[in-house]
1. Filtering segment 163-189 down to residues that are part of a loop (DSSP other than H, G, I, E, B) and among the charged types (D, E, K, R), which residue is surrounded by the most Cβ atoms within 10 Å (Cβ to Cβ)?
2. Taking the conditions exactly as written (aromatic (Phe, Trp, Tyr), more than 26 Å from Ala177 (Cα to Cα) and touching an Asp or Glu at 6+ places or on another chain (Cβ under 9 Å)), does Phe75 satisfy them or not?
3. Looking at (1) of a type in the set (Lys, Arg); (2) modelled with pLDDT under 95; (3) farther than 23 Å from Ala127 by Cβ, can you tell me which one Lys97 breaks?
4. If you go through segment 57-106 one residue at a time, how many are out of contact with any Leu (no Cβ under 9 Å at 6 or more places or on another chain), part of a helix (DSSP H, G or I), among the acidic types (Asp, Glu) and in contact (Cβ under 8 Å) with a residue 12 or more places away in the chain?
5. Just to be sure, is Ala129 within 19 Å of the chain's Cα centre (by Cα), on the phi < 0 side of the Ramachandran plot and not acidic (Asp, Glu)?
6. Would you mention how many residues in segment 126-153 are assigned to a helix (DSSP H, G or I), among the hydrophobic types (A, V, I, L, M, F, W, C) and either touching a strand residue (DSSP E or B) at 6+ places or on another chain (Cβ under 8 Å) or surrounded by 15 or more Cβ atoms within 10 Å (Cβ to Cβ) (or both)?
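The values are calculated or read from the model by the stated rules, or taken from the named source; none is laboratory data. Computed from a predicted structure; not experimentally measured. Glycine also receives a Cβ, built like all others from the backbone with ideal geometry; neighbour counts cover every protein chain displayed.
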Amino acid sequence: MKKRIVSVVFAGLILAALAAAQDTMKKEAPPKPAVGPSQALLESWNDVGRKLIAMAEDFPEDKYDFKPVPAQRSFAEQLLHAAGANYFFTNPAMGLKPPAGEDPKREQYKTKAAVVEFVKKAFADGAAAIQQKGDKGMNDLIVDPFSNQQTRVSDMAWGLLEHSGEHYGQLVVYYRAAGLVPPESRPKK
């Protein structure tokens, strides 16, 4: 009986020592190096884009013109505004003129499929601009069309990224007001 107890205690000590050794190895492993500025921006850009695209694809088409209150934009108009604003970064970053108007018109994008395609394209175009600029191009100067002031490519991109995040938050409210659960809030499978 004593031998069995001693064996169990000894086995437990060995397992504890192995677990401690693994934790030590994890802590002693050098941290991964930081990604470059353009890669950090690209990852965030693509993450917000992924969320808005998921909403655009998921929200029922018969509710695309839903507004929580009459004075607000519809669900589709929110998506068009958020995605369209990206071109105030993408166009100047690529040496093109900014868009003539702030919001793409709903009449131009009559179906859910058309809105989804526009949102996908707007984020893909922005991602391509970030990739093309790379780390060296993040400090290039462009003119902010809203303030008529020079700004860095990275600063303009981060500003439009934050703008998209604000609209993502608004669209979460649209989901809830319509009695729906947004894709990011659903239990993960």
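1. Selected residue: Arg186.
2. Criteria not met by Phe75.
3. (3)
4. 3
5. Values: within 19 Å of the chain's Cα centre (by Cα): yes; on the phi < 0 side of the Ramachandran plot: yes; not acidic (Asp, Glu): yes.
The answer is yes for Ala129.
6. Count: 4.
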